[in-house]
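The values are calculated or read from the model by the stated rules, or taken from the named source; none is laboratory data. Fair warning: this is a prediction, and the values are worked out from it, not measured in the lab. So basically every Cβ, Gly included, is an ideal-geometry build from the backbone, and we count neighbours across all protein chains shown. SASA here: full protein model, heavy atoms, side chains in, ligands and nucleic acids out. Shrake-Rupley method; radii C 1.70, N 1.55, O 1.52, S 1.80 Å.
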Amino acid sequence: MKIVVAPDSFKGSLPASAFCQIAEQVILQHCPEAEVIKLPLSDGGEGFVEAFVCAGLAEEINLWVSGPLGKKTKASFAWQADTKTAMIEMAQASGLPKLRHEERNPLQTHTYGTGQLIQAAIEKGAKNIILGLGGSATNDGGVGALQALGVEFLDSENQPIGLGGQALKTIASIGRIPEKLLEIDWILACDVTNPLLGDEGATAIFGPQKGLQPQQFDSLENGLANLAEKIYTATGRQIVEVAGAGAAGGMAGGFIGILNAQVEPGFEVLNRYLKIEQAMQSKNNRPVSYVITGEGRMDEQTAFGKLPMRIAQLAEQYGIPAIGICGSLGVSQLPPFQSLFSIVNTPMHEFDAMRDAPQLLESCLQNLVPLLK
C-alpha cells in the first residue's frame with residue numbers, strides 16, 4: 001500500500017508532525033511493505049512553520065520574543081535563504097496557548113512579539129514574508145506587530161500609543177511607515193473570511209474565545225473602527241469590508257491597510273510550496289491507496305473549506321479514498337470522506353482527551369489500519 005498522511009494539528013494537544021509519526025509507526029507495524037508519505041499541514045495557525053521545516057523546505061530559526069502580555073517566550077520562523085523568504089506563524093508569539101485561561105484579556109494582549117519575529121526575518125534579508133494567521137490571543141488589529149516594525153501610531157499629543165486592544169481608540173494619526181516594509185512582498189496565509197467589524201467581525205466572532213467580556217465589546221469594536229479610519233486617512237486603503245480583514249483579531253486588516261499585504265488561503269500556500277497534489281499522483285505505477293487527514297474537531301464547519309476538507313476533495317479528484325480522524329466528531333458522515341473516526345472511544349473529560357491524544361490516536365489507528373489491508 002501507499003498511504004498519504006496529511007493532517008492539521010489537534011489544537012493544543014497533538015502537533016500535525018506527531019500525528020504523522022504515530023500513523024507511520026502503526027501503518028508499518030501492520031504493513032511493513034507500505035510506503036507512507038508524511039505531510040504535516042496547517043491552515044496558517046498552529047504548525048504552519050513546522051509544515052515547511054518538516055518538508056525540508058526551510059531551516060528553523062529560534063529566538064526569544066514578547067508573548068501576548070509581554071512575558072518572554074521562545075518562538076521560531078522558517079527561513080529559505082535562497083529565495084529570501086520567511087514563513088512566520090503569529091500564534092507562536094501571540095497565540096492563545098501562550099496564556100493561561102485566566103490571563104486571556106483582548107484589551108491587554110498584543111502582537112508585539114510577532115513583530116519581533118518579522119523584524120528578525122527582515123534583518124536576515126527577507127524580501128518575501130508569508131505570515132500565518134490563526135489561533136491568536138489578540139484583538140489589536142496587528143498594531144503591536146507594526147509598532148515593533150517601526151510604524152508610528154500616535155495619540156492626540158503626538159506620542160506613541162500603548163499596547164493592546166485598549167490602545168486602538170487612542171490613535172489620532174499614523175506617522176512614519178518605514179520604506180523598507182513597503183518593499184517586501186507580504187502574503188497573509190489565512191482561511192478566515194470574516195470582515196473587520198460587525199456581527200461577523202473580529203471582535204464579535206473571535207473575541208469570546210480570547211476572554212472578551214460583554215462590557216469590553218464596544219471598546220474593542222470602536223478601537224478597530226478607529227484604526228480603519230486612520231489607515232484610510234494615511235494610505236487611502238479601505239479595510240472595513242475586505243474579506244478576511246478580521247483574521248487574527250484584525251491583524252489581517254492592519255497589514256492589508258498599512259503594508260498592502262495580500263490574503264491567500266493557507267491551503268493554497270502550502271499546496272504551492274509542499275506540492276500536496278503531487279503526493280496524490282501515482283509514481284512508478286504505484287497509486288496511492290488511502291489518504292488519512294484530520295484535525296481536533298470535525299463537524300459541519302469542516303465542509304466550509306477547512307484543511308481536512310480540502311485534502312479530501314483533492315483525494316477525490318484522484319479517486320483515492322479519504323479517511324478523517326479527529327478528537328471531537330460532530331457529524332456521522334461528510335462527503336467526500338469515505339470514513340470518519342474519533343480517537344475518543346469512551347466518554348471522558350475534554351482535559352483527559354487532550355492530554356492523552358497521542359495514545360488515543362495510536363489506539364484508533366491500531367483498530368483502523370488492519371481494515372485497510
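Listed by first and then second residue, the pairs linking a residue in the stretch 222-245 that is open to solvent by 40 Å² or more (accessible area, probe 1.4 Å) and among the polar types (S, T, N, Q) to a residue that is part of a helix (DSSP H, G or I) and at pLDDT 95 or above, with Cβ atoms under 9 Å apart and 6 or more places separating them unless they lie on different chains, are N222/L168; N222/K169; T235/G257; T235/I258; Q238/A228; Q238/I231; Q238/Y232; Q238/G257.
Please pick out the residue among P214, P195 that is more than 23 Å from Q116 (Cβ to Cβ), open to solvent by 20 Å² or more (accessible area, probe 1.4 Å) and within 22 Å of the chain's Cα centre (by Cα).
Values: P214 fails: within 22 Å of the chain's Cα centre (by Cα).
After ruling out the rest, the residue left standing is P195.
Cβ-Cβ distances below 8 Å connect the following pairs, each with a first residue in the stretch 62-77 that is under 22 Å from G165 (Cα atoms), a second residue that is in a loop (DSSP other than H, G, I, E, B) and of a type in the set (A, V, I, L, M), and a separation of six or more residues or different chains: G67/L99; P68/L99; P68/A137; L69/L99; G70/L163. Filtering the stretch 139-196 to residues that are assigned to a helix (DSSP H, G or I), over 18 Å from G246 (Cα atoms) and touching a strand residue (DSSP E or B) at 6+ places or on another chain (Cβ under 9 Å) leaves Q147, A148, T170.
In contact with a strand residue (DSSP E or B) (Cβ under 9 Å, 6 or more places away or on another chain), assigned to a strand (DSSP E or B) and small (G, A, S) - does that describe any residue in the stretch 240-259? Looking through the stretch 240-259, none of the residues is in contact with a strand residue (DSSP E or B) (Cβ under 9 Å, 6 or more places away or on another chain), assigned to a strand (DSSP E or B) and small (G, A, S). In the stretch 265-373, counting only strands (runs of 3 or more DSSP E) that sit wholly within it, the ones holding 1 or more residues that are of a type in the set (S, T, N, Q) and surrounded by fewer than 17 Cβ atoms within 10 Å (Cβ to Cβ) span 322-329, 339-342.
Okay, residues lined up against (1) touching a residue at least 24 places away in the same chain (Cβ under 8 Å); (2) of a type outside the set (S, T, N, Q):
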residue: M90; (1), (2): yes, yes
residue: A93; (1), (2): yes, yes
residue: L107; (1), (2): yes, yes
residue: L117; (1), (2): yes, yes
residue: E179; (1), (2): no, yes
residue: I187; (1), (2): yes, yes
residue: T193; (1), (2): yes, no
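Considering only the stretch 18-28, I want to know if a residue exists there that is in contact with a Phe, Trp or Tyr (Cβ under 8 Å, 6 or more places away or on another chain) and either among the aliphatic types (A, V, I, L, M) or under 18 Å from K306 (Cβ atoms) (or both). Yes; the residues of the stretch 18-28 include at least one that is in contact with a Phe, Trp or Tyr (Cβ under 8 Å, 6 or more places away or on another chain) and either among the aliphatic types (A, V, I, L, M) or under 18 Å from K306 (Cβ atoms) (or both).
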